[in-house]
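Below is one structure, written out as structure tokens; comments come after it.
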Amino acid sequence: MAVSRRAFYGVIHRQPLLFPSTLKCSAILSTRSIYERDYRRPGQPPDTRWPWQKIHFDFSKGVEGIKKHIGLLKDEFVQRWTGPEGRPLLEHMLEQTRVQWEFRGPESLDEWVVSSDQEIGGHSVAYIKLGKNNTTCFLYGTLCSTPPRDGETRYSGYCTLRSKQPLASFDRKKHYDWSSFNTLHMRIRGDGRPWMVNVSAETFFSHQRDDIYSYFLYTRGGPYWQDVKIPFSKFFLSSRGRIQDNQHVLWLDKVKSIGFTLGDKADGPFQLEIDFIGLCNDLAHTEEFAYELYKRNPEV
């Protein structure tokens with residue numbers, strides 16, 4: 001036992017002297033792995049470029065960007081003197097309803113991002129366009145749950161519509177303050193498929209960046225519009241598709257984005273039309289959180 005332990009420590013001690021080039025290369029690769037993407041499609045080589053090697057500098061675009069951000073900074077100072085979010089303080093305090101997103105032109109679609117399982121090699125497709133009379137958002141496509149043939153991916157078949165996080169001057173992150181409301185109000189028209197409504201909020205720690213609050217959205221189908229009201233107390237916490245045992249209340253003062261996800265494993269075409277997404281304060285709803293909150297150190 002003593003001989004094997006001495007031999008073990010001897011190998012560890014001599015390894016830097018015997019293989020200096022190997023250790024140097026491993027240190028470089030471990031350093032570069034910090035800057036790699038979180039997800040890399042199976043079969044693709046890792047991107048080992050440094051962050052500054054991915055930057056394409058253009059002087060003319062830089063000047064235009066500086067002018068744009070200085071203008072945004074000026075608007076921020078003016079809005080602060082007017083009130084929260086550029087509105088009078090009394091109006092902000094007495095506000096009972098708010099339309100956060102409405103689709104009344106092509107520029108309104110620039111605030112949204114469409115994605116599907118094609119990012120991981122799947123076969124689903126999703127598109128977005130303006131609806132009839134350019135007054136609605138029309139999400140359509142084809143869902144396919146066949147996994148890619150890469151030898152690693154086992155499940156596939158999803159399509160997502162997500163809003164972009166608002167940015168202030170010089171690309172500083174902004175958040176939506178929904179603390180004055182308790183209910184999400186939407187006017188939609190679907191094809192009978194079940195969807196998931198996802199709300200993402202700001203977190204303290206980096207390992208919580210995949211935390212998301214979700215709830216179910218059941219569309220009726222048919223030609224008639226559907227008014228949906230979902231209390232924020234019904235949203236449950238999940239991370240990377242797994243519902244968490246330790247549930248927490250959604251922080252409405254630090255909302256980053258909202259999204260819609262389809263993944264019901266029913267292959268075929270789909271469509272979802274959205275008129276507006278708003279907020280309201282339902283005084284009849286007094287529930288703070290619909291799920292149990294466990295204490296780690298319960299009182300005896």
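The values are calculated or read from the model by the stated rules, or taken from the named source; none is laboratory data. The model shown is predicted, which means the values in this text are computed figures rather than measured ones. No Cβ is skipped: glycine too gets one built from the backbone with ideal geometry, and neighbour counts run over all protein chains shown. The accessibility values were calculated without ligands, DNA or RNA, using every heavy atom of the protein model including side chains. Shrake-Rupley method; radii C 1.70, N 1.55, O 1.52, S 1.80 Å.
Of note:
- In this structure, the amide hydrogen of Gln100, modeled 1.01 Å from its nitrogen in the peptide plane, lies closer than 5 angstrom to those of Ile277, Gly278, Leu279, counting only residues at least 5 positions away or on a different chain.
- The slack in the chain from Thr286 to Ile230, taken as 0.36 nm per residue of separation less the alpha-carbon distance, amounts to 18.8 nm.
- Straight-distance crosslink candidates among lysines, where the alpha carbon sits under 17 Å from Lys164 and sequence neighbours closer than 8 are dropped: Lys129, Lys173, Lys174, Lys254, Lys256
- Label separation (Phe57 vs Val249): 4.9 nm, computed from points 7 Å beyond Cα along the C-beta direction.
- Fully extending the segment from Arg87 to Ile66, taken as 0.36 nm per residue of separation minus the present Cα-Cα distance, adds 4.9 nm.
- Other-chain or far-sequence residues with amide H under 5 Å of Asp191's (modelled H): Gly221, Gln271
- Working note: Karplus 6.51/-1.76/1.60 with θ = phi - 60° gives segment 206-223 the couplings 5, 6, 9, 5, 8, 5, 8, 10, 10, 7, 8, 10, 9, 8, 7, x, x, x Hz, where Gly and Pro are set to x.
- Label-point separation, Thr48 to Arg209 (7 Å along Cα→Cβ), nm: 2.3
- Residue-normalised convex hull volume from the C-alpha trace of segment 105-198: 168 Å³ per residue.
- Each 10 Å bin from zero holds the following percent of Cα-Cα pairs in segment 224-294: 13, 38, 37, 12, 0.
- Set of segment 256-294 residues, backbone N closer than 13 Å to the point 7 Å along the Cα-Cβ line of Glu202: 256-257
- Taking all protein chains as shown and a probe of 1.4 angstrom, Asp245 keeps an accessible surface of around 140 Å².
- Take 123-134, 44-55, 175-186, 217-228 and order them by the average number of nearby Cβ atoms within 10 Å per residue, most first; the result is 175-186, 123-134, 217-228, 44-55.
- Theoretical FRET efficiency, 1/(1+(r/R0)^6), r = Cβ-Cβ of Phe170 and Arg98, R0 25 Å, to 0.05: 0.40
- Largest first, the residues Leu283, Leu252, Leu89, Leu272 sort by 1.4 Å accessible area into Leu283, Leu89, Leu252, Leu272.
- Cα pair distances in segment 122-172, grouped into 5 Å bins until the bin that holds the longest one, percent each: 5, 16, 15, 14, 14, 13, 11, 8, 3, 0
- Cα-based Rg and Dmax for segment 174-300, where Dmax is the largest Cα-Cα distance (Å): 16.0, 57
- Seen from every direction in turn and averaged, the convex hull around the alpha carbons of segment 52-137 projects onto 10.6 nm².
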